[in-house]
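The values are calculated or read from the model by the stated rules, or taken from the named source; none is laboratory data. Only a predicted model underlies this, so the values are computations on that prediction, with no experimental measurement involved. Positions of Cβ are backbone-derived with ideal geometry, glycine not excepted, and every protein chain shown enters the neighbour counts. These accessible areas exclude ligands, DNA and RNA; they are computed on the full protein's heavy atoms, side chains included. Shrake-Rupley method; radii C 1.70, N 1.55, O 1.52, S 1.80 Å.
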Amino acid sequence: MADPHPSSASFPATRLRRLRQHPAIRRLVQETHLVPANFILPLFIRGGHNVRLPISSMPGHAQISPDQLAAELDDVQRLGLGGVILFGVPAVKDAVGSDSTSDRGIVQQALAAAKKAAPDVLVMTDVCFCEYTDHGHCGLINDKTGRVDVDNDATLEMLAAQALSHALAGADMVAPSGMMDGMIGAIRRRLDAHGFNHLPIMSYAVKYASAFYGPFREAAESTPQFGDRRSYQMDPAADPHQAIREAELDLAEGADMLMVKPALPYLDILRIVRDHFPGVPLAAYNVSGEYSMVKAAAERGWIDERAVALESLLAMRRAGASMILTYWAKQAAQWLR
Ligand code: PBG
């Protein structure tokens with residue numbers, strides 16, 4: 001009887017190399033594509049004028065002042081990127097991250113400059129406290145019970161205030177990254193109460209306590225001054241299904257898009273979340289360490305940066321990412337031309 005599953009036909013009738021002979025056939029049978037419109041460019045903003053302070057661990061990236069955004073957004077538009085995400089590096093940090101909720105704050109200034117320079121470019125903001133607090137943690141530190149930790153519920157109120165402040169300053173989307181329980185609901189309710197029910201939330205829903213954030217913490221000057229983030233960010237060794245629980249909660253609280261972070265070492269997690277929530281836009285954050293490793297190896301001539309970067313981005317899309325936050329956004333768009 002004929003085999004009902006042609007894929008189990010065997011050599012020599014089946015020769016998978018046939019579909020690899022002609023470049024046009026290879027292109028015909030491609031299922032995964034990289035498109036600049038799916039890339040989001042992270043930008044680090046600090047105060048001042050005419051500032052462009054290179055970030056040594058992330059070649060090609062710099063902390064820039066708000067006036068430099070016009071040129072950046074011009075590139076973003078010209079290259080057809082999906083948008084940008086802003087990270088603020090405030091001049092002054094304190095215990096509660098006051099700069100992040102002030103209408104004179106660095107991100108608020110950046111939003112004003114961005115919306116003035118290029119109103120059509122999608123501008124998202126990272127909503128978190130680690131860049132703004134003097135202790136470098138992602139929320140309010142509390143030792144009321146003798147246990148020094150980020151106070152989840154007190155931080156929710158602050159996150160809601162920060163998200164609203166970003167919305168008022170012109171953000172097109174907010175992306176909370178603090179991994180506080182209930183953060184999406186708190187932000188959603190606050191935005192809705194102030195007429196921003198149309199403003200989408202991209203949740204850093206599935207974010208691991210990862211060593212791959214190292215270079216970012218130099219870039220954003222957000223290294224925790226004591227301890228680490230393991231009481232709020234996910235354990236890389238936890239049951240992968242915990243990712244589903246995180247995603248499920250955030251969706252129920254009103255998240256419009258989900259994110260898995262980091263990307264390349266967590267492709268299994270991307271696939272699990274993609275399969276479990278078909279139809280929900282899913283972002284991958286190709287984080288600083290993933291970028292810097294390739295840059296460093298390429299500088300030594302050990303690796304072909306362009307090939308490795310494009311292959312990595314492709315792998316993220318293949319694993320289920322609809323879009324990718326990546327420090328290669330501009331370069332990749334150029335390579336894809
Ligand atoms: C938190 C935040 C971090 C990153 C994005 N948002 C750092 C952290 O959680 O310590 C890391 C991104 C990267 O490494 O590129 N505001």
> Among the listed residues Ala321, Ala333, Ala329, Ala296, which satisfies the condition of being among the small types (Gly, Ala, Ser), under 21 Å from Ser56 (Cβ atoms) and touching a residue at least 40 places away in the same chain (Cβ under 8 Å)?
Replying inline: Ala329
> Ala211 passes all but one of (1) more than 8 Å from the ligand (Cβ to nearest atom); (2) free of Cβ contacts under 8 Å to residues at least 60 places away in the same chain; which number fails?
Replying inline: (2)
> What residue, among those in region 185-221 that are open to solvent by 20 Å² or more (accessible area, probe 1.4 Å) and part of a loop (DSSP other than H, G, I, E, B), is nearest to Met124 (Cα to Cα)?
Replying inline: Pro200
> Limited to region 123-143, what total is found for residues that are buried (at least 18 other Cβ atoms within 10 Å of the Cβ) and in a loop (DSSP other than H, G, I, E, B)?
Replying inline: 11
> Hey, does region 76-93 have a residue that's surrounded by 15 or more Cβ atoms within 10 Å (Cβ to Cβ), in contact with a Ser or Thr (Cβ under 9 Å, 6 or more places away or on another chain), at pLDDT 95 or above and not in a strand (DSSP E or B)?
Replying inline: yes
> Tell me, which residue of region 222-252 that is surrounded by 17 or more Cβ atoms within 10 Å (Cβ to Cβ) and assigned to a loop (DSSP other than H, G, I, E, B) is modelled with the lowest pLDDT?
Replying inline: Ser222
> If you scan region 301-328, which residues turn out to be open to solvent by less than 30 Å² (accessible area, probe 1.4 Å), within 20 Å of Ser203 (Cα to Cα) and of a type outside the set (Val, Ile, Thr)?
Replying inline: Met316, Ala319, Gly320, Ala321, Met323, Leu325, Tyr327
> Would a scan of region 216-239 turn up a residue that is more than 16 Å from the ligand (Cβ to nearest atom), charged (D, E, K, R), without any contact (Cβ under 8 Å) to a residue 12 or more places away in the chain and farther than 24 Å from Thr326 by Cβ?
Replying inline: yes
>> Every residue in region 42-63 that is assigned to a strand (DSSP E or B) and in contact (Cβ under 8 Å) with a residue 40 or more places away in the chain, please.
In response: Pro42, Leu43, Phe44, Ile45, Arg46, Gln63
